[in-house]
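Take a look at the structure below.
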Amino acid sequence: QVQLVESGGGLVQAGGSLRLSCAASGRAFGTYTMGWFRQAPGKEREFVATISWSGGGGSTYYTDSVKGRFTISRDNAKNTVYLQMNSLKPEDTAFYYCAADQFGSAYGFRGTYWGQGTQVTVSS
């Protein structure tokens with residue numbers, strides 16, 4: 001099992017940047033495919049980005065609306081995955097969740113373990 005704790009959310013003006021972090025406890029972090037999801041008020045949770053485990057070559061996938069603006073990365077030595085968010089828009093406002101799936105596929109990633117989330121608010 002792995003436990004996930006997100007941090008880095010906050011309030012930012014449109015066009016600004018934030019970096020979310022997700023720290024994982026447990027062993028063998030490198031065997032987990034990691035991802036970010038978000039949920040805005042009144043909307044369903046949606047996929048944002050994922051990065052595969054080491055055996056998957058570190059492949060990354062993004063939802064179309066964040067391509068070119070968001071970057072997912074991981075530091076296996078620190079058991080942490082990051083989401084760098086640039087050129088933020090008001091429509092990026094949501095609760096952001098980190099998820100993990102051991103040996104999971106980055107494509108079609110669903111997540112088995114979930115963090116508690118962190119709020120991101122982008123003002124216009």
*Radius ratio Rg over Rh of the chain, counting only Cα atoms, Kirkwood formula for Rh*: 0.95
*How large is the convex hull of the Cα atoms of the range 50-111 per residue, expressed in Å³ as a whole number?*
95 Å³
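Net charge around Gln1, counting only other residues with Cβ within less than 14 Å of its Cβ (Lys, Arg = +1; Asp, Glu = -1)?
0
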*asked:* Testing the spin-label approximation: label points 7 Å from Cα along Cα→Cβ at Asp64 and Gln116. State their distance in nm.
replied: 3.6 nm
*Given the options Asp75, Asp92, Asp64, which has the most mean-square fluctuation in a GNM of the chain, springs set between C-alpha atoms less than 10 angstrom apart?*
Asp64
*Can you give the extra length, in nm with one decimal, that the chain gains between Ser54 and Ala77 once fully stretched, where that is 0.36 nm per residue apart less the Cα-Cα distance?*
7.1 nm
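Could you please report the charge total around Tyr113, scoring K, R as +1 and D, E as -1 over all other residues with beta-carbon less than 14 angstrom from its beta-carbon? Walk me through the numbers on the way to the answer.
Values: positive: Arg27, Arg110; negative: Glu6, Asp101.
Overall, the nearby charge balance is 0.
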_Test of understanding: in a Gaussian network model of the chain with alpha carbons linked when under 10 Å, which of Leu88, Leu20, Leu11 would top the mean-square fluctuation ranking?_
Leu11
*Check each of the GluC sites (Glu not before Pro) in the range 1-61 and keep only those in coil by DSSP with at most 15 other C-beta atoms within 10 angstrom; list them in order.*
Glu44
*Using 0.36 nm per residue of separation minus the Cα-Cα distance, give me the extension gain between Arg45 and Ala28 in nm, one decimal.*
3.4 nm
_Could you compute the net charge surrounding Ala14? Neighbours are other residues with a C-beta less than 13 Å from the C-beta of Ala14; K and R count +1, D and E count -1._
0
*Solvent-accessible area per residue for the chain at a 1.4 Å probe radius, Å²?*
51 Å²
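The values are calculated or read from the model by the stated rules, or taken from the named source; none is laboratory data. Since the model is a prediction, treat every value here as computed from it, not as a measurement. Note that we place each Cβ from the backbone using ideal geometry, even for glycine, and neighbour counts take in every protein chain shown. All accessible areas refer to the heavy atoms of the entire protein, side chains included, with ligands and DNA or RNA removed. Shrake-Rupley method; radii C 1.70, N 1.55, O 1.52, S 1.80 Å.
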